[in-house]
Amino acid sequence: MGFFTDTSICIGCKACEVACKEWNDVPDDGLDFLGWSYDNTGSLGADTWRHVAFIERPRGGSAPPSSPPVNGQGAGSSPAADALDTGDAGVRWLMSSDVCKHCTHAACLDVCPTGALFRTEFDTVVVQQDICNGCGYCVPACPFGVIDKREPDGRVWKCTLCYDRLKADMAPACAQACPTQSIQFGPLDELRERAAGRVGVLRDAGVSEAHLYGAGEDDGVGGFGAFFLLLDEPEVYGLPPDPVVTTRDLPRMWRAAAGAALALVGAVAVACARPR
Amino acid sequence: MTVTDTTAGYYGQPVLKAPVWKPAIAWYFFTGGVAGASSMLGFAAGRRGNRRLARSALVASAAGIAVSGPLLVVDLGRPARFLNMLRVAKPTSPMSVGSWILTAFAPASMLAAGSAVTGRLPRAGRGAAGAAAVLGPAVATYTAVLVADTAIPAWHDAHRELPYLFAGSAAASAAGIAMAFTPVPDAGPARRLGVVGAALEVAAFRSMESGLGDAAGPYREGRAGRLAKASEACTATGALLVLAAGRRRSASVVAGALLCAGSLLSRFSVFRAGFESAADPAATIGPQRSRRGAD
């Protein structure tokens, strides 16, 4: 089971953030004005399990305007700069509700030394809070920067995909609360089919930039349990363009360590070739 | 505020989370390195009949591992749950592998040192020293795999060189302590190990920097860069001092201290570089975007 987040119909209401906090009893992490459009939670973390990003992008693709227009008098010859001159019409407003990806090959789960992180019967990745000892290894292992340590609690926290609700045959709180069905919950193959159809509809309507992020199974994390329909490059939303589970290279790392260990044995043997 | 520079990601926010490890972990990389390499030096010196060098190295190994345990426990968010580390054995987690290695290594190292100091249980002491020496190389290098096995570019992309850097650093620091605490006539092997370890440490650091290419930024600039420069200066000076005047007591103490300082500084440089790399969205996004573009 998983999520399909269709950002093309997200209205930025943050009902998902609120529902998640209420259901999961996630502590308040400050109602701060960050100065980044309407975003006030900043990023996913120990106390933000759904994060609504607000992105203001100049129209005309990813190329920055050649020279910023000053009060309409700049040398705004490029289309992008011209568009900016016209005010609101020149800005695309992207909204997207980010969440833990529940990777098929999950780095957080792989590196967890206590077995606190585990894969559930729903193929989701969940922290067992009665086991986590707060070693923090999962935090820098996650290629998406999702999981984090909660202070002063000392343990790590992230989206559980509402494990308790799933067990009771209920939809996760965020999907339940989403008023536009931007957040859809269900079996992944069904969601993928629906998502592909949605991309087709959008492209036919002229939204050529619509594409799916994390819908395949052949990416660096073996497929996302929560994937997205995006209207711009992933990095614009703060998502890594080509995430790879770090443990994919672990055999190579152990081999390098074995080589280094042998070098150390050799160095000691050479040093002790003579007793004094 | 409009977003125009896409390599800066979402309003310049980091894509990755910075590690939550405190400096205790960088200290542990040092003390664990001392413990691992000292157990090897102590065992080899003992086998060659150099009792004095064996004793100081075995004591250094036990002291190093005795300090390591508390350093690791205080860094936990829930220190009282440290035994959960032994709840499972997971080859995919270098921290789990390391916990089991340390669990076997610590008692062996302490028994070896206790026997060498008191002269009691000589046979058990020799066996323990042998066991610790077998585990020593793993103790000294697994920490490099531990940091490399993360999403942080400055750590992950250095996974080929980091184990050699940590091995060289461990050898240099263990040798530095041994030469400072062993009478000069008996410290020959420590001096040689110090020079070889220092050479490996400096060479591995440089090769790591060139191998990382654009991702080497944190090792060249800022705090981690300054630590790296200071480390190389200490390590190189220490090794040169060993070669020039290692048979003078005062010089060998100073050289040993310099080798230890160089080792400690290189661990802190690597540690800090991870934080700086994680905080930089372009370091994460740039290589991934070119990788995806190349597909």
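The values are calculated or read from the model by the stated rules, or taken from the named source; none is laboratory data. The structure presented is a predicted model; accordingly, all values stated were derived computationally and were not measured. When we count neighbours, we look across all protein chains shown, and the Cβ atoms used for this are built from the backbone with ideal geometry, even at glycine.
A few points about this structure:
- Filtered by the rule that a residue be more than 14 Å from A:V268 (Cβ to Cβ) and free of Cβ contacts under 8 Å to residues at least 60 places away in the same chain, the range B:176-198 gives a lone residue, B:P185.
- Residue count, the range B:59-100 (criterion: farther than 27 Å from B:M179 by Cα, more than 9 Å from chain A (Cβ to nearest Cβ) and under 18 Å from the mean Cα position of the chain (by Cα)): 2
- Number of the condition not met by A:V236 [criteria: (1) more than 20 Å from the chain's Cα centre (by Cα); (2) within 7 Å of chain B (Cβ to nearest Cβ); (3) of a type in the set (A, V, I, L, M, F, W, C)]: (1)
- Condition check for A:D28: more than 22 Å from A:F228 (Cβ to Cβ), of a type outside the set (S, T, N, Q) and at pLDDT below 60: no
- Restricting attention to the range A:194-249, the residues that are in contact with an Asp or Glu (Cβ under 8 Å, 6 or more places away or on another chain) and of a type in the set (S, T, N, Q) total 2.
- Criterion: in a helix (DSSP H, G or I), touching a residue at least 24 places away in the same chain (Cβ under 8 Å), more than 9 Å from chain B (Cβ to nearest Cβ) and surrounded by fewer than 17 Cβ atoms within 10 Å (Cβ to Cβ) - qualifying residue of A:R198, A:R165, A:R194: A:R194
- If only residues of the range B:180-202 that are away from every other protein chain (no Cβ under 11 Å) and more than 15 Å from the chain's Cα centre (by Cα) are counted, the one that is surrounded by the most Cβ atoms within 10 Å (Cβ to Cβ) is B:A180.
- The range A:234-273, residues that are in a loop (DSSP other than H, G, I, E, B) and either hydrophobic (A, V, I, L, M, F, W, C) or at pLDDT below 95 (or both): A:L239, A:V245, A:C272, A:A273
- A:G214 being within 7 Å of chain B (Cβ to nearest Cβ), among the small types (G, A, S) and in contact (Cβ under 8 Å) with a residue 24 or more places away in the chain: no
- Taking the numbered list (1) out of contact with any Gly (no Cβ under 7 Å at 6 or more places or on another chain); (2) surrounded by 21 or more Cβ atoms within 10 Å (Cβ to Cβ) in turn, B:R120 passes all entries but (2).
- Tallying residues that are crowded, with 23+ Cβ neighbours inside 10 Å and more than 7 Å from chain B (Cβ to nearest Cβ) within the range A:246-275 yields 0.
- Selection count where residues are within 7 Å of chain A (Cβ to nearest Cβ), crowded, with 24+ Cβ neighbours inside 10 Å and either out of contact with any strand residue (DSSP E or B) (no Cβ under 9 Å at 6 or more places or on another chain) or of a type in the set (V, I, T) (or both), scope the range B:146-165: 7
- Among the residues of the range A:207-220, those identified as over 12 Å from the mean Cα position of the chain (by Cα) and either β-branched (V, I, T) or farther than 19 Å from B:G286 by Cβ (or both) are A:V207, A:S208, A:E209, A:A210, A:H211, A:L212, A:A215, A:G216, A:E217, A:D218.
- Residue within the range A:208-226 that is surrounded by fewer than 20 Cβ atoms within 10 Å (Cβ to Cβ) and hydroxyl-bearing (S, T, Y) present: yes
- Criterion violated by B:T118 - all others in (1) over 22 Å from the mean Cα position of the chain (by Cα); (2) within 10 Å of chain A (Cβ to nearest Cβ); (3) polar (S, T, N, Q) satisfied: (2)
- Just so you know, in the range B:209-221 the residues that are surrounded by fewer than 24 Cβ atoms within 10 Å (Cβ to Cβ) and touching a helix residue (DSSP H, G or I) at 6+ places or on another chain (Cβ under 6 Å) include one that is nearest to B:A172 (Cα to Cα), and it is B:E209.
- Residue check for A:F122: more than 7 Å from every other protein chain (Cβ to nearest Cβ), more than 16 Å from the chain's Cα centre (by Cα) and without any contact (Cβ under 8 Å) to a residue 40 or more places away in the chain: no
- Condition met for A:G115 (under 18 Å from B:I25 (Cα atoms), over 14 Å from the mean Cα position of the chain (by Cα) and facing another protein chain (nearest Cβ under 7 Å)): no
- Counted residues, the range B:46-83 - those being within 20 Å of B:A133 (Cβ to Cβ) and outside any helix (DSSP H, G or I): 3
- Listed by first and then second residue, the pairs linking a residue in the range A:173-187 that is under 18 Å from A:F224 (Cβ atoms) to a residue that is hydroxyl-bearing (S, T, Y), with Cβ atoms under 7 Å apart and 6 or more places separating them unless they lie on different chains, are A:S182/A:T5; A:S182/A:T7; A:S182/A:S97; A:I183/A:T5; A:I183/A:S97.
- Flag if B:A255 is aliphatic (A, V, I, L, M), out of contact with any strand residue (DSSP E or B) (no Cβ under 8 Å at 6 or more places or on another chain), more than 10 Å from chain A (Cβ to nearest Cβ) and in a helix (DSSP H, G or I): yes
- Meets criteria (of a type in the set (K, R), facing another protein chain (nearest Cβ under 7 Å), under 25 Å from B:S99 (Cα atoms) and in contact with a helix residue (DSSP H, G or I) (Cβ under 7 Å, 6 or more places away or on another chain)) for B:K17: yes
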